[in-house]
Amino acid sequence: QDAEVALIEFSTEARLVNNYTTVNQTYINNIDGYFNGVAYNGHTYSPVGGTNWHGAMIAGDALASADIVMCFTDGEPTIWQNGTAEPDCGNAAATETPEIVNPVKIANKLKSEGTHMFMLGVGTGIVELNLQRMSGFVEYENGVNTLATSDYSIGNFEDLAEDLQSFILELCRTTIVIEKDV
């Protein structure tokens, strides 16, 4: 069966960009366009206004259970809210304890239900320990381990593009023929 993936944006208002969708070339093209200003499901990537890990985890928890939840963030959380545009707490200027603790609790709930959490951190100012608290402590190393056997990756956009290509290859169905030479 083909792998499916959901995309949740960690913006000021965490939003579900797409529900579980089959990973194929059309999806890859749509996501590439999404990150480059082309609308996908009525949304384009807009990394402005804040980062809402809490709302994103709530959106992920509302989905049907999944084998892997892959989350993308370009900064530390600056808003604590439940997915709406109005913050429940915080000043949106700096990271505060509830903005880390609350999403970690939800991530732990998802992991206890059998979901593997994988966090992608891109850009500057991301605290590695905060991503690890949500996902786990095994860093992805291209060519060394896989999406399923690691927990997070932090890098710049160029590094992420290479990593995403590897992740897509891991998620796409493939046929392998093994021949034994005796």
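The values are calculated or read from the model by the stated rules, or taken from the named source; none is laboratory data. The shown structure was predicted, so the numbers you read here are calculated from the model rather than taken from an experiment. Here the Cβ positions follow ideal geometry from the backbone for every residue, glycine too, while neighbour counts run over all protein chains shown. The area values use the complete protein model at the heavy-atom level, side chains included, leaving out ligands, DNA and RNA. Shrake-Rupley method; radii C 1.70, N 1.55, O 1.52, S 1.80 Å.
When residues of the range 9-23 are filtered for being part of a loop (DSSP other than H, G, I, E, B) and open to solvent by 70 Å² or more (accessible area, probe 1.4 Å), how many remain? Working first, answer last.
Taking the range 9-23 and keeping what is part of a loop (DSSP other than H, G, I, E, B), we get 10-14, 23.
Going one step further and asking which of them are open to solvent by 70 Å² or more (accessible area, probe 1.4 Å), we end up with 13.
Selection size over the range 9-23: 1.
Of D61, D32, all but one fail to be closer than 21 Å to A6 by Cβ, in contact with a Leu (Cβ under 9 Å, 6 or more places away or on another chain), charged (D, E, K, R) and at pLDDT 75 or above; the exception is D61.
Among the residues of the range 164-182, is any open to solvent by less than 80 Å² (accessible area, probe 1.4 Å), at pLDDT 70 or above and among the small types (G, A, S)? So far as the range 164-182 goes, no, none of its residues is open to solvent by less than 80 Å² (accessible area, probe 1.4 Å), at pLDDT 70 or above and among the small types (G, A, S).
Any residue in the range 122-134 that is open to solvent by 70 Å² or more (accessible area, probe 1.4 Å) sitting within a Cβ distance under 7 Å of a residue that is not charged (D, E, K, R)? List the pairs, counting only those 6 or more apart or interchain. Going by the 7 Å Cβ cut-off, the qualifying pairs are E128/I154; R133/I100; R133/V104. The lone criterion from (1) more than 15 Å from the chain's Cα centre (by Cα); (2) modelled with pLDDT of 85 or more; (3) not in a helix (DSSP H, G or I) left unmet by V101 is number (3).
The residue list G114, G75, G83 contains one member that is part of a loop (DSSP other than H, G, I, E, B), within 17 Å of the chain's Cα centre (by Cα) and modelled with pLDDT under 70, which is G83. Inside the range 38-50, residues that are open to solvent by less than 60 Å² (accessible area, probe 1.4 Å), modelled with pLDDT of 80 or more and in a loop (DSSP other than H, G, I, E, B) make up a count of 1.
Of the listed requirements (1) modelled with pLDDT of 70 or more; (2) open to solvent by 80 Å² or more (accessible area, probe 1.4 Å); (3) more than 17 Å from T51 (Cβ to Cβ); (4) in a helix (DSSP H, G or I), V144 misses just one: (4). Taking A66 as the residue in question, decide whether it is among the aliphatic types (A, V, I, L, M), open to solvent by less than 20 Å² (accessible area, probe 1.4 Å) and modelled with pLDDT under 85. Taking the combined requirement at face value, the residue satisfies it. Does Y27 meet the test of being open to solvent by less than 30 Å² (accessible area, probe 1.4 Å), of a type in the set (S, T, Y) and outside any loop (DSSP other than H, G, I, E, B)? Against the criterion (open to solvent by less than 30 Å² (accessible area, probe 1.4 Å), of a type in the set (S, T, Y) and outside any loop (DSSP other than H, G, I, E, B)), Y27 qualifies.
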